[in-house]
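Novice: Sharing a structure, written as structure tokens. Questions coming.
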Amino acid sequence: MTGFEMSMHNGLGILRRPGSGSPVVIVPGVMADAQSWLPVAEALVLPNPVAIVNRRGRAPSAGLGASYGLLQEISDLSGIISGMGAPVHLFGWSYGGLIALETATLGLPVASVSAYEPVSSPFVPEVVEKIQTALALGDVSSAVEMINIDVSGFSQDYVDALRQAPVWSELCRLALPLGQELAAIDCFKPSYGQYRTIDIPVRLLLGADNEGRQPYGGAFERFATALPMAAIKRLDGQGHLAHIAAPALLAQFIADFVRDVESASADCSVS
């Protein structure tokens, strides 16, 4: 974990790397924690501080709690941003992308926001109840299988092979808050009307393999429509999991956007 250390902020773990300038804050989605995003963060060729949020439901962070919902995530992220001491470059993946965009509407010190395939309601409502039932019965393996096959579209053969790999136990650990998180997505109505008030640079990232495909491509289109001012970037040969399949490529996207924003800001200051 080169250069990164875990610290706590209001009950949330944050993996931090020191640096100079505006911090880059990474918000993972479901079936991921701060450690899952460490390969991307370590590949960021930037002098900026970097912080990966270890969201609720992932040790050592606090649990989700009985009243959990997306407003709690927005509150958590707002507190982190406010405590950074400088405007942040906000990046969110999947559910984390929705959290980041909603938080960006609040007028907090955010220098830019980018989102990789953010998701929103309706998001696989036909699968949520099945996953919740499996988790309630303690059948975490079935929940992991459903998220991979019924949501992400992987084949049964792929999942069968995955079951035999060491990563399966890690996926089962990360699946424990899955039912509540998916329900929170489907219960939340995004502030699409407020998105046009975001007056900072916005960039949306789409895995080219998901373009026009449900559920991620369909959700992406909703956000792209609500954010006509956003720059759109496609990652060729990638789907929803570039942080696993191509962390260096994803890190380059994040770094390029941060550099572009800071260069434009410097040019405005000079002029």
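The values are calculated or read from the model by the stated rules, or taken from the named source; none is laboratory data. All values reported here derive from a predicted model rather than from experimental measurement. Here the Cβ is made from the backbone with ideal geometry for all residues, glycine too, and neighbour counts use every protein chain on show. To get the accessible areas, we keep the full protein, side chains included, count just its heavy atoms, and leave off ligands, DNA and RNA. Shrake-Rupley method; radii C 1.70, N 1.55, O 1.52, S 1.80 Å.
Novice: Taking the alpha-carbon set of segment 196-271, what are its Rg and Dmax in Å?
Specialist: Every Cα atom of segment 196-271 included, Rg and Dmax give 14.2, 45 Å.
Novice: Rounded, prolate or oblate for segment 142-213? Axes are the square roots of the Cα gyration tensor eigenvalues, ordered a ≥ b ≥ c, and the cut-off for rounded is a/c under 1.5. Walk me through the intermediate numbers first.
Specialist: On the way: a/c = 2.62, a/b = 1.86, b/c = 1.41.
Prolate, because a/c is 1.5 or more and a/b exceeds b/c.
Novice: Considering only protein heavy atoms and a probe of 1.4 Å, how much of the accessible area of the chain is carbon and sulfur, as a whole percent?
Specialist: 54 percent
Novice: Express as a percent, rounded to the nearest 5, the fraction of DSSP beta bridges in segment 1-134 (both residues included) that run antiparallel.
Specialist: Beta bridges within segment 1-134, antiparallel portion: roughly 45 percent.
Novice: Of Ile254, Ile200, Ile99, which has the largest mean-square fluctuation in a 10 Å C-alpha GNM of the chain?
Specialist: Comparing Ile254, Ile200, Ile99 in a Gaussian network model of the chain, the most mobile one is Ile200.
Novice: Follow-up question, since we're still on this one. If I take the Cα coordinates of segment 141-271 and project them onto the principal axes, what are the three extents in Å, biggest first?
Specialist: Principal-axis extents of segment 141-271 (Cα, largest first): 59, 33, 26 Å.
Novice: For the chain, report the % of Cα-Cα distances exceeding 35 Å.
Specialist: Counting pairs separated by more than 35 Å, the tail of P(r) holds 11 percent.
Novice: With a 1.4 Å probe and all protein chains left in place, how much accessible area per residue does the chain have, in Å²?
Specialist: Numbers: 11470 Å² over 271 residues.
Result: 42 Å² per residue.
Novice: Taking the highest mean first, how do the peptides 212-223, 75-86 order by number of other beta carbon atoms within 10 angstrom per residue?
Specialist: 212-223, 75-86
Novice: Given H placed 1.01 Å from N in the peptide plane, which residues other than close sequence neighbours of Ile232 have an amide H under 5 Å from its amide H?
Specialist: Excluding prolines and chain starts, which carry no amide H, the hits are Leu204.
Novice: In whole Å, what three semi-axes, largest first, describe the equivalent ellipsoid of segment 1-123 built from its Cα gyration tensor (square root of 5 times each eigenvalue)?
Specialist: Listed largest to smallest, the semi-axes of segment 1-123 are 20, 16, 14 Å.
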